[in-house]
Structure formats: C-alpha cells, structure tokens
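The values are calculated or read from the model by the stated rules, or taken from the named source; none is laboratory data. All values reported here derive from a predicted model rather than from experimental measurement. Note that we place each Cβ from the backbone using ideal geometry, even for glycine, and neighbour counts take in every protein chain shown. Please note that ligands, DNA and RNA were not included when accessible areas were found on the heavy atoms of the full protein model with its side chains. Shrake-Rupley method; radii C 1.70, N 1.55, O 1.52, S 1.80 Å.
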Amino acid sequence: MSSTRREFLKYGAQFIGTAAAFGGGLTLLTRRAAPAQELSASGLAAEVPPHQTDELGGLVTPFALATSYNNFYELGWGKGDPARQAELLRRYIAAQEPWTVTFGGEVERPGTYDLAALLGWTDEQERTYRLRCVEAWSMVLPWRGLPLGELLRRVGYTSQARYVQFTSVFAPDALPGQRSSTLDWPYVEGLRLDEALHPLTLLATGLHGEALPAQNGAPLRLVVPWKYGFKSAKSVTHITLTREQPATTWSVAAPREYGFYANVNPQVDHPRWSQASERRLDGTGGLLAERRETLMFNGYADEVSGLYTGQDLRRDF
Amino acid sequence: MSAVTPPRSATGSGPLPWLKPAVWLGGLSPLAVMALDAWAGALGAHPLERLLLQTGLLALLTLILSLLCTPLRQWTGWTWPARIRRELGLLAFGYACAHLLLYLLDQGGLGGLPADIAERPFITVGLLALALLLPAALTSGKGSVRRLGFARWQRLHRLVYPAAALGALHFYWGVKGDKAEPLLYAGALAVLLGWRVWRSRFGGRRVKRDSK
C-alpha cells in the first residue's frame, strides 16, 4: 500500500470518526425522542371509529398520541416521560389495590372509600371533551367517568363548604418526579363548589374505551373541560371540601402565570405566550398541526359562563 | 479560498485537514436526524414543538462550544480548537435562525411578532440574542478581520458573550418546572465567561500575546 493511500485512509477514518462523534454528541444532548407509541391493552382503542369528533367537528386525538404526549410531572418533566415511566405508577397502583379516595373537610359523611364503591354510587358516562392545555395545544378526548357532582351529593357537604380541593397521589418512593422539590408535592388543585357541582365536571376512569392509562392519571382523574388542563388533577386520592380557597400547586409555584380559576380565555394571555389560538393535536397535518382560534371557556361558554356572572375574569385568571 | 493552493496530497494541506469538514458534517447531521424523525413519524404528537426545542438547544450548545475553544487552547496548548471556533459560531447562528423560523411558522407569520417582542420578555430576550449574533456571523470571513482591523473585529465579536447569556436566559425562562438543564447550560456559560473576566483582570500581559 502506498503511503499516500495510507494517509488518505487514515484521514478518511479520522474525518468520519470526528464527524460521527460530534454529530452523535449534539444529537444525544438535544434530541427528545418521542416514546414508543403504546398499543392499547385490549385493542379497543384501535377500533374507535377514525373519524369520531366532538360536537364542534374536531377530530378525536388518537389513543397513541393521547398516551404519549402528557404533562404528569410526578413521572418526569418531558412530554414523553409519563409514557416512558408509566410502569412505575402502574406498579404502585397494583400494590395499593384497592385504590381509595378520602372525602374530608366540610363533608357530612367523611371517610375513605374504595374506587369500586364510588363506581356503585352513580353510572359511568361517556363524554367527549376538548382538552386545552395552558401551553396552547389541545386535544379532543373521549373520556369515561363519574359526574363529580353526583359523588359530592352522595357524601353530602355542609353549608360551610365553598371550595373543593383535589390531592393527587403522593408516593415519592415510586414516582421519580416527587423526589425533586421543583414543585411542592403532592399536587393540589381546586374548584369553587359550584364549579365542582357543574354537570360537565367529571372524575374520569377511562379513556378511548379503555381503563384510564397511567400516564393520563390512572385510576381516577379530574376533568374540567372549560379550564386549562393543569386544573384537572391526576391520580386523585383526596377530595376535601373547604371554606377557604385551596392553595393550588401551580398558582403557588408561579402566581403570575397560573391563577386559581384558569378558565380557558383567549383574551387573557400567559406572560410568555398568547392564548388567542391553540394547536390541535389530532395526528393530522404533519409538521403543522392545525392552529385554531381558542374559544371562550374552551367552547363551553353556553354551559358555564353563568358561573362567572359579574366576575372580573382578567383579575381572576 | 482561491488563494489557497490545492493540496498535492493529504499531507500537504496542513495538520488535521479533515477537521473543518468533519465539524460541518457532524454539526449539520442533527438536521438529517430531525428529517429522519419527521419521516418516521417519531416527532410525537407535537412535531413543531419538538423541532423548536431541538434547534434552540443546538444553537445554545454550539454557541457554548464556540466559547470553549479559546480557553481549551489556553489550558491544553492544542491549536485545533481555535481553528473550528468560526465553524461552531456559524452553526450556532444557523440553528438560531432555524429556531426563529420555526417559531414564526408556529405563529403563522410575522403578525404576532411586534406584540410578542413588546410584551413578552421571554421572546424579546431570545430575539435580541439572535440579533447580537448577526454582526459576528456577517464578519466571520477571513477578509473581515483585515477590513475592520483586528481590534474593531474583536470588539464586534465580543457581542457573542451577551448573546450567549441572553440565549441561556431565554432557555431558563422557557422551561416550565424543572430548571436543571437550563441551569447546567447557564453554569457552563458562567464558567467560560468568568474565565475571560478573570483572565483579563489577572492574566496580565500574557493575555495580549495569546489572544491573537
């Protein structure tokens, strides 16, 4: 082999090696791969008619996307983390069996009830709701669940009750996100009593015809479709009726950015972005999922605007 | 490049002739990975957000690497870091531009930009960082040093320091919740900028000689 050829091969190898190492390093440090898309446990989700829509004609977000793009900080801060780490919550739930919900505070029949007992109190209902995240994306999701008002009437609330506080699962040993103090754990959310009693407010137990997946807040999560998604506490363990407005997690962590009410409102912007429009994540449109106007109260104004008559929604954002 | 005589053999073109092309190829390879991800549907439910995040991270990372070149040469005596500084800076500028274009694509045009700049410090700071990189990018060619004179050229290129700081702040503000990663970037940047301050204060005459 001639020395020129040897040099050439050596330089070629160094060139390829350096380019690969540099490019690989950059990609490793900056690429946030989406989690492997989950096949539904029963295959039922795959059978949901592909063109199911909400009452406004918005396409339902496919199961695979609804279960791979989540904010559930107990399971990690990345959008794909909850799906990747879902097994941790599944294992915790299995170890807890049966899951219980403790009703307390201004309640007439306080106590800790099995989820199975709650399911016997009232019929589960199918509800297809828009979910509008405060981060300006949205989905249409077919939930199954219990109207919260029915449960609250069942346990009864005193005349002193004005707010309802929801506490999410607290298990730092099982849930990696709770081992850092970035947020004050457990996650706490709250509603005014009239909001909690509203017929749209749901405690969801299922999604897309399946038992609620862990990354979506199994086994029981709040769904309040006219409010930003962070109001809908996941994996609820405690429901407490209070006299005072609960100190909710995000409104404590960043009071300028997240209010107690958090009603979807295109006129009140987040300090870092406009809330006038949203990107609908329904798996169509490729790179540019459709951006659409955000509707007042997420399109549920006819049902809920009466709750806020006379209230300044800019101040109570 | 016309002044450079083509190398007779690989050995004739100076040490590490493959270095700059390798930095370009490796530096641009994330674009191919992103394209591949898009083609494979691996960008997830919100593809644009994924690309927005990745281009922003690439811009900040390559900018920080470009600021590592001079200290690395000082600490090790190696000369190769100084020879890829320009390439890293241009990669950073390119990724920052791509980041802005994706943001505008997400916003559906320029319409919302004035309000964003005026009302949202998060956006203002990011755009300012890119604006500060522009003069350095435009005067990155060899001829520019001669045209501007070294002192003026160097002053202009020191705009990269505030640009990087603003970029790190933009990242810090942009992340919700866990700030560990933006703090890591800010920490690395603080070390690199702090080293420069320290050296200009206490490095004495050596600085002048070495900074050529």
Any residue at all in the range A:82-95 that's within 14 Å of another protein chain (Cβ to nearest Cβ), of a type in the set (K, R) and open to solvent by 20 Å² or more (accessible area, probe 1.4 Å)? yes
Conditions (1) more than 17 Å from the chain's Cα centre (by Cα); (2) touching a residue at least 12 places away in the same chain (Cβ under 8 Å); (3) surrounded by fewer than 23 Cβ atoms within 10 Å (Cβ to Cβ): number failed by A:I239: (3)
List the pairs whose first member sits in the range B:109-130 and is more than 8 Å from chain A (Cβ to nearest Cβ), whose second member is among the hydroxyl-bearing types (S, T, Y), and whose Cβ atoms are under 6 Å apart, counting only residues at least 6 apart or on separate chains? B:I117/B:T124
Does A:P271 meet the test of being free of Cβ contacts under 8 Å to residues at least 60 places away in the same chain, in contact with a Ser or Thr (Cβ under 7 Å, 6 or more places away or on another chain) and open to solvent by less than 40 Å² (accessible area, probe 1.4 Å)? no
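Among the residues of the range A:203-211, are any assigned to a helix (DSSP H, G or I) and open to solvent by 10 Å² or more (accessible area, probe 1.4 Å)?
The first filter runs over the range A:203-211 and keeps only residues assigned to a helix (DSSP H, G or I), leaving none.
No, that holds for no residue.
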Between a residue in the range A:127-138 that is over 10 Å from A:R280 (Cα atoms) and any residue that is in a loop (DSSP other than H, G, I, E, B), which pairs come within a Cβ distance under 6 Å, given they are 6 or more apart or on different chains? A:T128/A:D54; A:Y129/A:P225; A:V134/A:Y228
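Looking at A:A161, A:A136, which is the one that is touching a helix residue (DSSP H, G or I) at 6+ places or on another chain (Cβ under 6 Å), closer than 30 Å to A:V268 by Cβ and surrounded by 16 or more Cβ atoms within 10 Å (Cβ to Cβ)? Walk me through how you get there before you give the answer.
Values: A:A136 fails: touching a helix residue (DSSP H, G or I) at 6+ places or on another chain (Cβ under 6 Å).
Just a single option satisfies the conditions, and that option is A:A161.
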